Amino acid sequence: IMERSALAERLESLGQLAGGVAHDFNNLLAINLNYLDFVLEQTSDPDARQDLTRARASAERARELTRQLLLFARQEPGDGDVIDLDSVIEDARALLGRTIGGHVELITRPSPQPLAIRADWGRMEQILLNLVINARDAMPDGGTVIIEAAPVELDDDPDRLPPLPAGSYAQLQVSDTGTGMTPEVAARIFEPFFTTKAKQHGTGLGLATVYAIVTESGGDISVTSEPQVGTTFRILLPTVTAGTAPPDDAATQASGSAG
Ligand code: ADP
C-alpha cells in the first residue's frame, strides 16, 4: 500500500517520463504500422499474411499503450472551464452507448440541483469512460452500472479521510454489480501499471489517470468494493459558486492573465 504523497510523487515522475518517451514512440509505431500495412497489401501467401497480421496487432497494442501514456502525461493542473457535471454525464452516456454491451445496463441519476465544477470537459469525460469501461469489464455476465451525481457539504472533521477542506462538493459515484475486488487489489488500483487484466487488455493506467485528474482538480476519490457483489467509486470535486469564481472582467484581461 503506497502512501498518498509517495503515490503523488510517483505519478508526477512517471508523467514526466511518459511525456518524453511516449510521443516519439508513438510516431515510430505509426511508421512501423504503415510499413506493415504496405507489406500486407503486397502479400498473398496466407502464412505470411497471418504473421504480418500478428505483428500488426502487437504494434497496434503498443500504440494504444503509448496513447494512454500520452493522455496520462498531459495532466497539467489547468484552470479548466466552469462546467455542469450532469451535462458531462449525459455526454459520456451518449459516447458509451456503443461501447457498453447489450448485457450491461447503464443508468444515470442526475443531481437534484445543478453542479458547477471547474474542470476540463475532456478530462471529466475521460474519468467517466475509464470508470464505466472498468465496470463493464468487471461484469462479463452482465449487470448494472449506475452513474450518480449529487451535492455534498463537507464540514470541518479532522478525522475524515480524504483530507479535503470544508465546503461544497459535487459527488460523482459510479457503481457496478460486478466481480468486486479483494482488499489487496483495492489498495493498489490507483498505482500506475497495476492491472489484473490480461496483458492485451489492461494497461493499468486508467485509474492512475483518474486519480491524477481528480486530485489535481482539488478533489479526491475513494473506492468501496466487495467481491462478488460490486464496486463503487466515489469522487468529490469542489463546486464553483458565483461568489468564489475568479473575476473574468476587463481588468483581468488587461493584466494579461486571462484568456
Ligand atoms: P486496467 O483497466 O488497464 O487494468 P485500471 O487502472 O483502470 O487499469 O484498473 C486497475 C485494476 O483495478 C483493474 O485491472 C482491476 O483489477 C481493478 N478494477 C478497476 N475497476 C474495477 C471494477 N469496477 N471492478 C472490479 N475491479 C476493478
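Which one is modelled with the lowest pLDDT among residues in the stretch 105-124 that are surrounded by fewer than 19 Cβ atoms within 10 Å (Cβ to Cβ) and either in a helix (DSSP H, G or I) or of a type in the set (Phe, Trp, Tyr) (or both)?
122
Taking the stretch 107-155 only, how many residues are more than 25 Å from residue 165 (Cα to Cα) and more than 12 Å from the chain's Cα centre (by Cα)?
15
Before we move on, is residue 128 part of a strand (DSSP E or B) and surrounded by 13 or more Cβ atoms within 10 Å (Cβ to Cβ)?
On the way: part of a strand (DSSP E or B): no; surrounded by 13 or more Cβ atoms within 10 Å (Cβ to Cβ): yes.
Taking the combined requirement at face value, the residue does not satisfy it.
Here are some residues: 150, 166. Which one is touching a Ser or Thr at 6+ places or on another chain (Cβ under 7 Å) and either without any contact (Cβ under 8 Å) to a residue 12 or more places away in the chain or more than 14 Å from the ligand (Cβ to nearest atom) (or both)? Let's see the steps before the verdict.
Values: 166 fails: touching a Ser or Thr at 6+ places or on another chain (Cβ under 7 Å).
Only one candidate passes the filter, namely 150.
Among the listed residues 237, 207, which satisfies the condition of being more than 16 Å from residue 136 (Cα to Cα) and in contact (Cβ under 8 Å) with a residue 24 or more places away in the chain?
Just a single option satisfies the conditions, and that option is 237.
Would you be able to tell me the number of residues in the stretch 63-91 that are buried (at least 17 other Cβ atoms within 10 Å of the Cβ), of a type in the set (A, V, I, L, M) and either within 14 Å of residue 127 (Cα to Cα) or at pLDDT 85 or above (or both)?
Matching residues across the stretch 63-91 total 5.
Being at pLDDT 85 or above, over 19 Å from the mean Cα position of the chain (by Cα) and either more than 9 Å from the ligand (Cβ to nearest atom) or not basic (Lys, Arg) (or both) narrows it down to one of 231, 179, so name that one. Please lay out each step first, then the result.
Values: 231 fails: over 19 Å from the mean Cα position of the chain (by Cα).
None of the other options fit; the residue is 179.
What number goes with the only condition from (1) hydrophobic (A, V, I, L, M, F, W, C); (2) touching a residue at least 12 places away in the same chain (Cβ under 8 Å); (3) at negative phi that residue 193 does not pass?
With (1) hydrophobic (A, V, I, L, M, F, W, C); (2) touching a residue at least 12 places away in the same chain (Cβ under 8 Å); (3) at negative phi applied to residue 193, the lone miss is (3).
Have a look at 189, 133, 127 and point out the one that is within 16 Å of the ligand (Cβ to nearest atom), at pLDDT below 95, within 21 Å of residue 226 (Cα to Cα) and aliphatic (A, V, I, L, M).
133
The values are calculated or read from the model by the stated rules, or taken from the named source; none is laboratory data. Treat the numbers as computed from the prediction; the structure is a model and nothing was measured. Cβ atoms come from the backbone with ideal geometry, glycine included; neighbour counts cover every protein chain shown.
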